[in-house]
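Presented below is the structure to which this report refers.
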Amino acid sequence: MRKSFLRAALVLGLLSAIGPFAIDMYLPALPSIGASLNASVSEVQASLMAFFIAMGLGQLIYGPVSDQVGRKPPLYFGLGLFALGSVGCALAPDIGTLVVLRFVQGLGACAGMVVPRAIVRDLHTGPDAARLMSLLMLVFSVSPILAPLTGSWLIEWFGWRSVFWAVTLAAGLGLWLVSTSLQETRSPASRASSTAGSALTAYGVLLRDRHFMGLVFIGAFGISSFFVYLANSSFVLITHYGLTPRQYSLAFAINAASFIGASQLTGRLSAAFGLVTTIRVAVVGYAAVMMFLWVLNLLGMEQLDVMTPLLLIGYGFLGLVLPSTAVLALEGHGDIAGTASALMGTVQFMTGAVVMAVVGVYADGSAGPMVAGIAVCALLAFSMVRSTLGYVEPPPPARPYVRRR
């Protein structure tokens, strides 16, 4: 049992990491891409935002389709599309073409985000699901540690285009894993009850479910704070603070390590105290640390040795928030796990894209706008916890979700 549990976490984590790998390897290349393609900072950031928007919108399709045809076919299609987009990005002659192809790449990558979450719900609920989700995030979180380091090495030796050839190989690995190591978890009987009409009905029910949407937005604002860091940290740390791409990758990896370490406590904490209590306490810590960082920045304490440890602590708390909110949101939605996972991913990625765009308007190369964006997201996550969870246990979700034949 334990062996199969770990194997599922490894395979699902690697599939989930392919899309983020295409983001994290790319981050050290942003300044050099701008120089190579004669593009402004905002134009280069648009290529990152296009990827996020595609990752969000595409999940609305992959989720219901995975409920209707099974979990594996959408993974085959998405990974194939991701590989084609990656080859196109490697050959892009200008920034406009790169932005379009990053969108295509993102449409493929989102299959690896939405389907593994649905598979977790197919297999487990409660603390077991939290434990599997945290193990999945352990594998998934290897990306923000290794990817920037790998990306900086590739850029240094072979140029920024080599990053896209590397993620093309990652897509090939993903296709091999789906073919050889992943079992179908959506039964034929469950697929028979899922149609395009039932998916639309399910989306309507989910959008009216205040508890579900509240949990989704807690995770959305948490993820958005990390997206703000993704979009701005390379310019801030490399251009403003003078770090090399390799030093930047190490700084980025430190925050990821904090996130990973904390996320592994999710299963134990949720079993001991419950998912609701875990989320409440983690969000309070996350918001308090990020607000403190913002206050210090406003007071002129902008040193890197002040910002780095506080981000490390804050993102450690966030490592408890994200898997817990995902498990709790999907807890009562087994009949439509793919659709619920899709709506969750879409809302969270689109929220992140909007927040990145807003912060980008105020970006001036310093740490101030980035820190402000992170702190405001943390405060919004805290407010959503207050309104969604409060101090009583949440009611059970409304049923039924799907019309039965």
(Q) If you wrap a convex hull around the alpha carbons of the chain, what volume per residue comes out, as a whole number of Å³? (A) 122
Q: Considering Cα pairs under 8 angstrom that are at least six residues apart, work out the relative contact order of the chain and quote it in whole percent.
A: 27
**Q.** Pair-distance profile P(r), taking every C-alpha pair of segment 1-112, with 10 angstrom steps and integer %
**A.** 15, 41, 28, 13, 4, 0
Q. Roughly what would the spin-label model give for Arg161 and Gln183, points 7 Å off Cα along C-beta, in nm?
A. 4.5
Q: Can you pull the one-decimal nm distance between simple spin-label points at Asp364 and Thr97, each 7 Å off the Cα toward Cβ?
A: 3.7
Q) Using just the C-alpha positions of segment 193-241 as equal point scatterers, what log10 of I(q)/I(0) does the Debye formula give at each q in 0.26, 0.27, 0.30 1/Å? A) -0.89, -0.91, -0.97
Q: Neighbouring Cβ atoms within 10 Å as the yardstick, rank His240, His333 fewest first.
A: His240, His333
Q. What is the extension gain from Leu250 to Ser387, computed as 0.36 nm multiplied by their sequence separation minus the C-alpha to C-alpha distance, in nm to one decimal?
A. 45.6 nm
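Rule-based calculations on the coordinates, nothing more; no lab input. Predicted model, so just to flag it, every value in this text is computed and none were measured. All Cβ positions, glycine included, derive from the backbone under ideal geometry; neighbour counts span all protein chains shown.
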